[in-house]
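First the structure, in the form of C-alpha cells, and then the observations on it.
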Amino acid sequence: MKIAVFGGSGQTGLQVLRAALDKGYEVNALVRNPDKVDPALRRDHAEKLHLVKGDLLNDADVAKALAGCEGLIFAAGPVKGGHPDLPNLAAIAVLTAAKEAEVKRVVWLLGAAVIDERDVPDFSRKIIRMIMKLTARNVLESSERAYQQLITSGLDYTVIRPPILANTPAKGRLKGSYQPPKPSGISREDLGRYMVDALTDSQLKCQSPMVSYS
C-alpha cells in the first residue's frame, strides 16, 4: 500500500512515518524541511520513504505527494508565525487534490476541542473550549472550518481527536469514542500507530473519535 503523509517532519508526523514504514507501506511524505526527518529512518527505509519538500498550501507540492497513493494521513499542526487559517486552508488544498488524484481514504488529526454532534456532553470540554477561545481562537475556529470541510468532502474520512500529546514511550493501545477523554497525555508513538491502523479499519470510516487509553 502506498500512502501520503502530510506533516511528516513534525513530532507526531514522524511517529506516523515510523508506524507506516513498520507496516511495510510505501510513503510519500510532504515536509517543509527534510533534514528534520530522522536520518536513521531515511537510511533504513530508503526504498519506501520518499520525501517531498514543499508547502501544504502549494497545489503542485500536494499533488506530487499524493501521486500514486491509495490513502493519506494528515498530521500537520499549526506553525508558530504561520498563516492564522492554516488548518482550514490546508484542508481545502489537500482534500481538493485528493479528489483529483482519486484518493478516497483520509485520516486526519485535529484537536479534542473540535466538537462533533455525536459527542457526549461534558462540562470539562466547555472549559477547555473557553480557554482555547481566549488563547488560540484562530486555531480553534480554523480547525472547526477544516472539520466541516472533511465531513462534507464525500471522502472516506476518519478524524482523530486526541487530548494532550506527549513525547513519551508507547503505553498501549488507544481506544476511540465520543466520550470525552480525561485530560491526560497521549504518547505520540501510540497516536502514530492508531492513525496508521485507522487507514484499514472499516469501522472508523466517517467517524471522528476522541482517543484515550481507557
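The values are calculated or read from the model by the stated rules, or taken from the named source; none is laboratory data. None of the values given here were measured: they were computed from a predicted structure. Note: ideal-geometry Cβ built from the backbone for every residue, glycine included; neighbour counts use all protein chains shown. Just so you know, the surface numbers come from the protein's heavy atoms only, side chains and all, with ligands and any DNA or RNA stripped out. Shrake-Rupley method; radii C 1.70, N 1.55, O 1.52, S 1.80 Å.
Data for the structure
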| quantity | calculated |
| --- | --- |
| With all protein chains modelled, accessible area of residue 168 [1.4 Å, Å²] | 60 Å² |
| Within the range 173-212, backbone nitrogen closer than 15 Å to the virtual label 7 Å beyond the Cα of residue 117 toward Cβ | 207-208 |
| The range 147-208 shape via C-alpha gyration tensor axes, a/c threshold 1.5 | prolate |
| Heavy-atom accessible surface of the chain: percent carbon and sulfur, 1.4 Å | 51 percent |
| Label-point separation in nm, residue 11 to residue 135, each point 7 Å along Cα→Cβ | 1.3 nm |
| Spin-label pair residue 177/residue 127, simplified geometry with 7 Å Cα→Cβ offset, distance in nm | 2.0 nm |
| Reference-scaled alpha-carbon Rg (2.2 N^0.38 Å with N residues) for the chain | 0.95 |
| Surrounding net charge for residue 115, when Lys and Arg each add one and Asp and Glu each subtract one, Cβ distance under 11 Å | 0 |
| Solvent exposure, largest accessible area first (probe 1.4 Å, DNA, RNA and ligands not counted), of 128, 73 | 128, 73 |
| Peptides ranked, highest mean first, by Cβ atoms within 10 Å: ranges 191-199, 145-153 | 191-199, 145-153 |
| Too-long pairs where the Cα-Cα distance tops 20 Å, listed order kept, from 126/205; 126/182; 23/53 | 126/205; 23/53 |
| Cα gyration tensor of the range 39-162 - equivalent ellipsoid semi-axes, whole Å, descending | 28, 17, 15 |
| Ranking by accessible area, most exposed first, for 137, 173 with a 1.4 Å probe | 173, 137 |
| Spin-label pair residue 197/residue 33, simplified geometry with 7 Å Cα→Cβ offset, distance in nm | 3.2 nm |
